[in-house]
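Scroll down for the structure; my scribbles are underneath it.
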Amino acid sequence: MPEIQIVNPDALGQPLGQYSHMTRVRASEFLFIAGQVGIDKTGKVPDDFDAQCMLAFGNVEAALKSAGAGWANIVQFTTYLVHSQDIPKFMAFRQREFPKMFKNGAYPPNTLLMVDRLVLEPLLMEVQPIAAL
């Protein structure tokens, strides 16, 4: 298991502030999960934003397990949203689901980006995690 230390944002000082995170990781191997993780095995995309989040993070969990890893191995991820009105929906998803994923309450840094569109028009969100093994 890698040594992962999430640094208290208050200790970071300027220019890093309230919504900045820093994670120190000692690992010999990293796992990058990217692509269209919000698509099911048949190539379908759920219509509902919450269902897309559940599918995307479920697929990430399956990828982690296939590499012998779990949520505790995630050291950083980027979330891409198409519509700004989905930010509160993502934050509600995060508040509801992250405590189940990250049981110690230490969530890895997450950069939330707004994009014009994703590769497939029905995709409303996408996530790109990095895990340390």
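The values are calculated or read from the model by the stated rules, or taken from the named source; none is laboratory data. All of these numbers come straight from a predicted model, not from anything done at the bench. Backbone-built Cβ (ideal geometry, glycine too); neighbour counts: all protein chains shown. Note: accessible area is taken over every heavy atom of the protein model, side chains too, but ligands, DNA and RNA are not part of it. Shrake-Rupley method; radii C 1.70, N 1.55, O 1.52, S 1.80 Å.
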Notebook entry, point to check: Which lysines does residue 89 reach when only Cα atoms under 23 Å apart count, and residues fewer than 8 places away in its own chain are ignored?
Noted result: 44, 100, 103
Margin query: Report the rotationally averaged projected area of region 31-133 based on its alpha-carbon convex hull, in square nanometres.
Written below: 6.1 nm²
Next item on the list: Taking only protein heavy atoms into account and a 1.4 Å probe, give the accessible area per residue of region 55-109 in Å².
Entry: 48 Å²
Checklist line | Packing-based ranking, highest mean first, of 75-83, 59-67, 40-48, 122-130 given that Cβ atoms within 10 Å are counted | finding: 122-130, 75-83, 59-67, 40-48
Check: Separation of region 81-133 and region 30-66 by C-alpha centroid, Å?
Finding: 11 Å
